[in-house]
Amino acid sequence: VQVRGFSLAEMGVYATFPYIAMMFIGNGMAWVADSMIQRGASITRVRKLSQSLAFGGAALFLLLLTQTTSPALTVLCITLGLGSLACFASGMGTNHLDIGPKYAGVLIGLTNTAATIPGILAPTITGFIVKFTGDWNMVFYIATAILLVGMVVWNLFASGKRLFD
């Protein structure tokens with residue numbers, strides 16, 4: 001807030017923008033994914049595309065964020081970066097139902113548990129990085145690298161075929 005010159009009231013308004021973007025982008029991607037499947041695209045292809053847009057879009061806008069000092073572009077990068085993550089719902093978020101519909105609840109529980117661990121550690125690690133480097137760019141570079149590695153791993157190993165009956 002202070003680094004980019006926003007007042008607390010302005011930031012309160014701007015903080016809603018990513019969630020509005022997520023609503024539109026997520027629903028738009030769901031429509032595209034459904035249309036692709038109806039037109040004969042494989043479920044695996046659709047899930048990989050959706051997740052790639054989620055991770056790739058977030059990575060792109062994080063990198064752009066490190067290059068801007070404009071308050072308006074900062075808000076735009078954060079909005080579109082987080083907004084693109086909504087494509088996750090048509091990617092990994094739905095994939096549990098593809099690979100094991102009977103066990104989807106257990107699969108979601110396991111993956112959400114695994115995903116929570118970095119969320120627990122991230123604030124402390126981020127604090128150390130910002131304190132050590134004096135700015136946020138290294139945090140954004142690390143997050144970008146994690147997103148890109150995740151995108152590569154997802155594209156190498158993800159499947160939309162049923163694995164569990």
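The values are calculated or read from the model by the stated rules, or taken from the named source; none is laboratory data. These numbers were taken from a predicted model, which means no experiment stands behind them. Every residue, glycine among them, receives a Cβ derived from its backbone with ideal geometry; neighbour counts consider all protein chains shown.
Observations on the structure shown:
- Filter pass, residue 45 being of a type in the set (D, E, K, R) and in contact (Cβ under 8 Å) with a residue 60 or more places away in the chain: yes
- Residue list for segment 1-27, restricted to those being surrounded by 11 or more Cβ atoms within 10 Å (Cβ to Cβ), among the aliphatic types (A, V, I, L, M) and modelled with pLDDT of 85 or more: 11, 13, 15, 20, 21, 22, 23, 25
- In a residue-by-residue description of segment 28-39, the property of being without any contact (Cβ under 8 Å) to a residue 40 or more places away in the chain, loosely packed, with under 11 Cβ neighbours inside 10 Å and outside any helix (DSSP H, G or I) applies to at least one position.
- Failed condition for residue 72, given (1) without any contact (Cβ under 8 Å) to a residue 40 or more places away in the chain; (2) closer than 30 Å to residue 164 by Cα: (2)
- The residue list 82, 63, 53 contains one member that is under 19 Å from residue 140 (Cα atoms) and touching a Pro at 6+ places or on another chain (Cβ under 6 Å), which is 82.
- Taken as a whole, the condition of being touching a residue at least 24 places away in the same chain (Cβ under 8 Å) and surrounded by 14 or more Cβ atoms within 10 Å (Cβ to Cβ) applies to residue 151.
- Conditions (1) closer than 20 Å to residue 29 by Cα; (2) modelled with pLDDT of 95 or more; (3) surrounded by 18 or more Cβ atoms within 10 Å (Cβ to Cβ); number of the one not met by residue 139: (1)
- Just one of the listed residues (139, 75, 149) is within 19 Å of the chain's Cα centre (by Cα), closer than 19 Å to residue 47 by Cβ and of a type in the set (A, V, I, L, M), and it is 149.
- Qualifying residue in segment 38-46 (condition: of a type in the set (Lys, Arg) and within 24 Å of residue 145 (Cα to Cα)): yes
- For residue 70: the one exception among (1) surrounded by fewer than 18 Cβ atoms within 10 Å (Cβ to Cβ); (2) over 29 Å from residue 135 (Cβ atoms): (2)
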